[in-house]
Amino acid sequence: MRRRSPAPGLAGPITWLVLGFLLICAGCRPASLTATPTLWEAPTSEPAPAPSPAAWLSEQALAMRPGYAEELADLAHAPCYDLQADISPEQRTVQASLHITYTNAGASALSELPLRLYANLPYRQGRLDILRAERDGRPVTFDYAVERTAVWLTLAPALAPGQTAHIALTYRLAVPESAPDGYQELVARDGIMSLAGMVPLIPARRDGAWDLDLPEPYGDALFAETALFRFQLTLPRPMVAAATGSRVEERSNAKAGTRTDTYVSGPARDIMVALSPYFQAESRSVEDITVRSYFLPEDRTAGVEALRLAADGLRQFQEWFGAYPYRELELVETPLLAAGMEYPGIISLGRHIYQGDQSRRLPWVVLHEVAHQWWFGLVGNDQLREPWLDEALANYSAWLYFERTAGQQEAAALFRELFEEPARPFQETDRDLPINLPVAAYPRDAYGPVVYDKGALFLHALRQEMGDEAFFAFLRGYAERFRYRIATAGDFLALAQTYTPHPLAPFFAEWGFVK
Ligand SMILES: [Zn+2]
């Protein structure tokens, strides 16, 4: 995520280039979703049958670039989520059936299995109700927990280590019109439906225990293993959809003016979908990857500029951090209240940064979110307990891009403005905190300056400690070693040490890391 405020600007030519584009940008504001009811006939689902287990991986390969599909072989036992969702923008609802294939990779039998219901986070103001749960065709009991942000499914008989369960859920999701206490990732307004957190997910385990923390209203909530998703969306025909992964089929349905699109994600920790009948799209190619930007007509100029920056960032980050393995990367304009939010294969950008003074931040936000495709997407981490591990890396990676492309003078100005100045009030007072605390340990106003900005200062100091050659080799090695996995701060520090003979322990201790 890139937070909304305070609002650092990009100094120099990048800023004025973007601002200049926006000054000549004009367009009409789309009607609200409810203002055009004739567009929104109730969808009628006509889902195609799910593929056989044997066909599952070969279908997932359609989300991967040629040459990277073989990486799926290591994910043969990853959770599989097969979703069929009827989406009604008019009613702001999703009616879903979800089939989860889950293999118990732990050492002990499971008598119950939790799912996180991120849509039910209090500040998201959605309402996800499980209507029915089954295991292998038989109903199972379920109990909500953690303020309805989780549900426990009873597994009887218990699921032995190595055994696979087939879980089927039907559920209904009501999407709010606004959610101002959080980032508004799940919302239907301004002619756009943003559906973050629409899928109940098996949480990652932390020291053997499932993650059932109740996330703060600030900071990112997701902590999940890499999984494979197939999702069929039944939509009113005029809808343009941006989504994780690749669309492999589009079918018109006979009834009610709907169509059904089928997507596969490839290896992903979650999926995200955003819809609007007003979206326009532009795309660019980076090698064999299609980068696509979806935006409202009035925001075309910024949408096209975001596309250029994302494509350029993708090219540069691949050179440093290794290949982006998917066929597609998408950007989508949404009513997000944060500046940007990362999801697997798709980046949500708040409408406010396409327009006016906030647009000065667009280049920075786009690069930060593209970097998250490595730091969060490919390399997972505990975003609740060790948020610096992806946020500081995404922030510093964005700066590395500008150091490479904008020249030393501009890069130095950015470094001061974006890292040193926000972090200083905390570093130089008794409010200083280490960068490696859980989200909940930071006061809301300290979270960004310490985790993102002081975190980036830590990475810059580590680079100086190791030297450029060792530092960049380490970042690439870290991305390779933990690709599709979850890394901890301990993993990060230990791996860094293997890239230099110079002892790093005193340096890490200086920055508050204790063994
Ligand atoms: Zn971020």
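Worth pointing out:
- Flag if residue 304 is touching a Gly at 6+ places or on another chain (Cβ under 7 Å), outside the structural domain of residue 116 (by TED's automatic domain parsing) and assigned to a helix (DSSP H, G or I): no
- Within the option set 205, 138, 237, being open to solvent by 10 Å² or more (accessible area, probe 1.4 Å) and within 21 Å of residue 108 (Cα to Cα) holds for one residue only, 205.
- Scan of the stretch 277-301 for residues that are open to solvent by less than 10 Å² (accessible area, probe 1.4 Å), outside any helix (DSSP H, G or I) and closer than 18 Å to residue 359 by Cβ, ordered by number: 293, 295, 296
- Check on residue 177, within 16 Å of the ligand (Cβ to nearest atom) and outside the structural domain of residue 449 (by TED's automatic domain parsing): no
- Counted residues, the stretch 214-239 - those being in a loop (DSSP other than H, G, I, E, B) and farther than 16 Å from residue 93 by Cα: 15
- Across the stretch 377-395, the number of residues qualifying as over 13 Å from residue 321 (Cα atoms) and within 12 Å of the ligand (Cβ to nearest atom) comes to 9.
- Yes/no for residue 477 being more than 16 Å from residue 403 (Cβ to Cβ) and surrounded by fewer than 14 Cβ atoms within 10 Å (Cβ to Cβ): no
- Among the candidates 440, 446, the residue that is more than 22 Å from the chain's Cα centre (by Cα), over 30 Å from residue 312 (Cα atoms) and in a helix (DSSP H, G or I) is uniquely 446.
- Any chance residue 289 is within 28 Å of residue 179 (Cα to Cα) and at pLDDT 95 or above: no
- Across the stretch 404-439, the number of residues qualifying as charged (D, E, K, R) and either within 16 Å of the ligand (Cβ to nearest atom) or open to solvent by less than 40 Å² (accessible area, probe 1.4 Å) (or both) comes to 1.
- When 88, 111, 97 are checked against the criterion of being buried (at least 19 other Cβ atoms within 10 Å of the Cβ), modelled with pLDDT of 85 or more and not aromatic (Phe, Trp, Tyr), 88 stands alone in meeting it.
The values are calculated or read from the model by the stated rules, or taken from the named source; none is laboratory data. In this text, all values refer to a predicted model and were calculated from it rather than measured experimentally. Here Cβ is always computed from backbone atoms with ideal geometry, including for glycine, and neighbour counts include all displayed protein chains. Note: accessible area is taken over every heavy atom of the protein model, side chains too, but ligands, DNA and RNA are not part of it. Shrake-Rupley method; radii C 1.70, N 1.55, O 1.52, S 1.80 Å.
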